[in-house]
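Here the structure comes first, spelled out in structure tokens, and everything after it is commentary.
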Amino acid sequence: MKKVFALILFSLLLQAGLAQEKQLDTLIRRFDDYRVRALQEKIYAHLDRTFYLTGETLWFKIYAVDGSFHKPLNVSKVAYVEIMDKGNLSVMQAKIELNHGSGNGSFFLPASLGSGHYSFRVYTHWMKNFSPEFFFHQDFTIVNPFVKPVSEPDKRPPSHTLAFFPEGGNLVTGIRSKIGFRVLNALGKGSFGKGFVLNNMGDTVTFFTSSKFGIGNFLFTPAENEKYTAVLQDEQGNKSAQNFPEVYKSGYVMQLIDSGDFININLKNKGEQGFFVYLFVHARQIIVKATLQMMRENITSVVFKKSELPEGISHFTLFNDQLQPLCERLFFTYPKKHLAIQVENNQHEYNQRRKVSLSLQTSTNSGKSSSANLSMAVYKIDSLASIEQTGIFHHLWLGADLTGSIDSPDYYFNTNDLQAVQGMDNLMLTHGWRRFDWKDVLKKNDAFEFVPEHNGHIITGVVTQDHVKQRGVLTYLASPGNIIRAYGSRSSDHGKIHFEIKDFYGPRLVIIQTQADTTRTYDITIQNPFFPAVSSHSPPAFKITDNVSQKLLSRSMAMQVQDVFYYEQYGNRFLKPKVDSSAFYGEADATYFLDDYTRFQVMEEVMREYVPGVFVRKRKDGFHFILADAVNGGVLSGDPMILLDGVPVFDVDDIMRVDPLQVKKLEVVTRQYYLGPAAFSGIVSYTTYQGNLGGLKLDPGSVSLNYDGLQLKREFYSPHYENESQRNNKMPDQRYLLYWNPEIIIDQYGQGKVEFYTSDVEGTYRVVVEGSNNEGFLGSFDQNFVVKPRENQ
């Protein structure tokens with residue numbers, strides 16, 4: 001009987017194990033499906049500086065990479081850039097064109113901005129499907145020199161705060177756990193703190209002391225029927241009671257032990273049913289391992305070789321047999337992929353108005369020369385900046401994958417410092433990562449709301465009638481001008497319309513209208529392309545001290561001098577974008593330049609006399625055009641599309657009222673043409689001299705609005721002093737920013753060179769270089785040089 005019972009038990013366990021193996025396959029398959037659907041983009045922006053005066057220009061370079069390998073990602077063609085104030089309100093916005101994973105732009109900072117710390121936020125249309133916590137944020141400072149700067153009253157709690165993070169997420173009675181903690185001061189920065197934990201009786205059960213930047217950990221075994229309170233003591237000796245994590249009577253606990261070459265994951269539970277659990281390990285959406293574990297006496301463990309773990313953050317997630325996530329723990333593997341950037345000066349001290357030549361060399365960590373895409377800023381160090389630039393390497397490997405701000409992320413990458421390495425693991429404990437929600441991974445494949453902008457900016461809107469969203473309504477978008485562009489869209493079940501526009505730069509007039517219909521009128525609302533949701537990130541409180549007043553005055557005077565002498569001529573010079581000047585319908589079948597013919601005063605005479613391919617007919621309801629069919633012979637059935645400066649005109653009578661003396665060109669397409677979901681029997685396109693619709697009155701049901709397209713690239717002004725005559729001219733040169741170049745392309749031999757000239761401003765200058773290569777290697781470099789007064793001046 002014992003043997004029979006054992007066989008039955010073994011058979012049941014075997015069947016249960018096979019069922020759990022199927023569940024594990026389901027978990028892997030769904031994660032992989034989600035990984036394919038939910039491509040992760042990461043964004044980094046290199047700002048030329050982190051301190052500005054109003055009246056100066058903020059320059060930036062954007063790097064867009066894939067979340068797994070950090071290679072340039074040519075998916076999104078537009079990045080959305082915002083300057084956010086202390087209240088997380090957007091004060092400046094721009095759409096930046098991306099090509100092969102990079103783009104650049106600028107903001108002229110107007111005097112309407114007040115002094116304070118701001119946040120520079122960047123994301124793509126696709127990234128709006130995910131949490132704004134993972135948009136790029138870089139804090140920086142703006143001071144308005146025309147208004148006396150005033151320090152902001154800090155609205156954060158006046159005392160220090162303490163947050164606890166049990167390893168894996170849970171504290172369970174009777175199970176020893178590691179607890180991470182973080183101490184923040186009133187400014188929201190990591191700060192030293194120590195304290196102790198009290199039980200119900202007020203007895204001290206353990207002590208804790210923070211390490212650098214206010215983070216640390218301690219071991220603790222909670223007892224049954226106890227409620228704990230933590231007491232924090234800050235660096236001034238002030239004590240305050242703090243909340244302690246909830247202790248559960250049942251649940252799972254995860255513990256990660258780093259034993260050198262191996263990682264041990266120990267799992268324990270109390271009061272939980274079920275023999276089987278799943279441990280799922282991934283890094284940057286790359287599956288590392290998925291294993292089925294049997295709990296024996298409520299304990300199991302898994303051992304990993306460190307060499308098996310990819311570089312960066314690995315995620316160890318525990319699931320029960322119903323695929324419910326129970327615990328999660330992060331571990332950081334220091335990346336070996338690094339782009340080495342070397343910059344050699346032709347000298348380390350320069351006189352005013354002298355050439356600076358910098359030779360650049362890039363290589364991988366193995367020493368192999370590598371091409372690269374770099375950006376460089378050269379600016380005067382004046383000790384006004386109080387905020388550090390994050391750095392591309394530290395942000396993409398660390399900050400982009402963690403929630404919350406990280407104090408001095410570069411500190412944690414010093415592998416020669418044992419305290420820094422321990423601090424990195426504390427960081428993994430205290431900054432929970434969740435670039436996605438496991439509920440989204442495990443559910444069915446729902447479509448994402450925001451699609452990637454593969455080919456260009458997408459303008460979206462909603463069609464309604466009496467506040468009810470309308471389905472199947474044909475709409476058209478156009479922008480009057482000499483380059484003929486028109487777009488069509490049919491509203492979805494939810495009334496949504498979208499237009500993927502091309503070669504759309506700078507502020508433009510946009511006209512959206514529906515197909516002419518005398519029986520129905522529609523309301524069209526164009527949606528804001530910028531994302532309204534904000535993250536928990538906010539800039540620190542702004543503090544200004546009296547000892548910087550002289551430096552602020554010097555920089556303010558320099559800024560005003562530059563604006564007076566140079567801004568009108570150089571400050572608003574923009575590079576002309578490369579655009580396709582052909583019409584959206586390509587080459588017309590017939591083109592008529594009206595100046596080549598005798599000018600008539602009436603459009604009807606022009607059409608009847610000059611344009612044999614268009615037959616003009618007048619009926620009871622007005623004029624109609626019928627086009628010859630160049631493909632099949634005869635005539636095309638149906639009405640053609642009529643355009644004036646690219647804007648559809650649905651009533652031929654309106655075109656007939658346009659003064660033909662304002663029309664420069666007429667093009668005719670004598671074949672069937674499809675514009676999005678709409679089909680037309682040919683096209684008749686009029687272009688005026690001014691590209692301003694020639695006085696045509698638009699249908700009252702249309703929507704006209706001023707819309708900002710992709711930002712035009714401002715040209716960076718850098719004077720040349722190649723001879724004594726140029727060096728001795730009397731025009732002042734008070735540049736604090738000597739050089740900005742967002743597009744330094746290093747050749748296949750890893751070599752490049754830049755040249756620029758110093759200004760009249762003496763002092764120490766910093767050269768900052770950032771960039772990446774096509775293989776996902778990231779790197780930064782900085783060094784200083786000195787500018788002295790000119791000799792014999």
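How would you rank 595-606, 303-314, highest first, on the average number of other Cβ atoms within 10 Å across their residues?
Working: 595-606: 13.1, 303-314: 16.2.
Ranking, from highest mean packing down: 303-314, 595-606.
Too long at a 24 Å Cα-Cα cut-off: which of Lys178/Lys270; Lys95/Lys664; Lys664/Lys713; Lys576/Lys730; Lys95/Lys576? Violating the 24 Å Cα-Cα cut-off are Lys95/Lys664; Lys664/Lys713; Lys576/Lys730.
Two decimals is fine: what's Rg over Rh for the range 640-711, C-alpha atoms, Kirkwood radius as Rh?
Values: Rg = 13.2 Å, Rh = 13.4 Å.
Across the range 640-711, the Cα-based Rg/Rh ratio is 0.98.
For trypsin sites (Lys or Arg not before Pro), the sites in the range 342-397 that DSSP calls loop and that have at most 14 other Cβ atoms within 10 Å are Lys368. Placing +1 on each Lys and Arg Cβ and -1 on each Asp and Glu Cβ, with no other charges, gives the chain a dipole about its Cα centre of roughly 1380 debye.
Are any of the pairs Lys128/Lys194; Lys42/Lys368; Lys439/Lys469 more than 32 Å apart by Cα-Cα distance, and if so, which? Over 32 Å Cα-Cα: Lys128/Lys194. Summarising the overall dimensions of the range 247-304 from its C-alpha atoms, the Rg and Dmax are 12.5, 35 angstrom. Rounded to the nearest 20, the Cβ-based charge dipole of the range 479-627 about its Cα centre (Lys and Arg +1, Asp and Glu -1) stands at 380 debye.
Using only the Cα atoms of the range 515-583, what semi-axes does the equivalent ellipsoid have when each is the square root of 5 times a gyration tensor eigenvalue? Give whole Å, largest first.
Values: eigenvalues 419, 149, 31 Å².
Value: 46, 27, 12 Å, ordered largest first.
Across the range 139-260, the convex hull enclosing all Cα atoms gives 150 Å³ per residue.
In the range 507-552, the alpha-carbon atoms span a convex hull of 179 Å³ per residue.
Both numbers refer to the Cα atoms of the range 196-323; Rg and Dmax are 18.2, 51 Å.
Averaging 1/r over every pair of different alpha carbons in the range 107-206 and inverting the result gives a Kirkwood radius of 18.4 Å. Within straight-line reach of Lys239, meaning a Cα separation under 17 Å, sit the following aspartates and glutamates at least 8 residues removed in sequence or on another chain: Asp203.
Residues whose amide H lies under 5 Å from that of Leu643, counting only those 5 or more places away or on a different chain, are Val649, Val684, Ser685, Tyr686; hydrogens are built 1.01 Å from N in the peptide plane. Here, the range 603-688 is characterised by an Rg to Rh ratio of 0.93, where Rg is the alpha-carbon radius of gyration and Rh the Kirkwood radius. Using only Cα atoms and rounding to the nearest 10 degrees, what angle (0 to 90) does helix 2-37 make with the longest principal axis of the chain? Between helix and principal axis, roughly 30 degrees. For the range 278-348, the fraction of C-alpha pairs farther apart than 17 angstrom is 55 percent. Local charge sum around Arg555 (other residues, Cβ-Cβ under 14 Å, Lys/Arg +1, Asp/Glu -1)? Net local charge, Arg555 excluded: -1. Partner aspartates and glutamates whose Cα lies under 12 Å from the Cα of Lys306, excluding those fewer than 8 positions away in the same chain, are identified as Asp258, Asp261. When the C-alpha to C-alpha distance is required to be over 28 Å, the pairs from Lys22/Lys71; Lys86/Lys336; Lys148/Lys380 that qualify are Lys22/Lys71; Lys86/Lys336. Magnitude of the charge dipole for the range 108-238, about its Cα centre and with charges confined to Cβ atoms of Lys, Arg (+1) and Asp, Glu (-1), is about 320 debye.
Which whole-number percent is the relative contact order of the range 295-349 (Cα, under 8 Å, 6+ apart)?
Result for the range 295-349 is 28 percent.
Projecting the Cα atoms of Thr173, Asn217, Phe777 onto the charge dipole of the chain, computed from C-beta unit charges around the Cα centre, puts Thr173 farthest toward the positive end.
Ratio to report: Rg/Rh of the range 79-147, with Cα atoms as the point set and Rh obtained by the Kirkwood method; give two decimals.
Details: Rg = 13.2 Å, Rh = 13.1 Å.
Computed over Cα atoms, the ratio is 1.00.
Remark: relative contact order (the chain) = 16 percent; criterion is Cα-Cα distance under 8 angstrom and separation of 6 or more residues.
The alpha-carbon of Lys212 sits under 19 angstrom from the alpha-carbons of these aspartates and glutamates, leaving out residues fewer than 8 places away in its chain: Asp234, Glu235, Glu388, Asp407, Asp410, Asp417, Asp425.
Quotient of the Cα radius of gyration of the range 38-95 and 2.2 N^0.38 Å, N being its number of residues: 1.34.
Quick one: pull the percentage of alpha-carbon pairs in the range 444-545 with a separation above 22 Å.
Of all Cα-Cα distances in the range 444-545, 45 percent exceed 22 Å.
State the percent of C-alpha pairs, over all pairs in the chain, separated by a distance greater than 49 angstrom. Tail fraction, whole percent: 35.
Values quoted throughout were computed directly from the atomic coordinates according to the rules given, and no laboratory measurement underlies them. Quick caveat: nothing in here was measured; it's all calculated off a predicted structure. Neighbour counts are summed over all protein chains in view; Cβ atoms, including those assigned to glycine, are modelled from backbone coordinates with ideal geometry.
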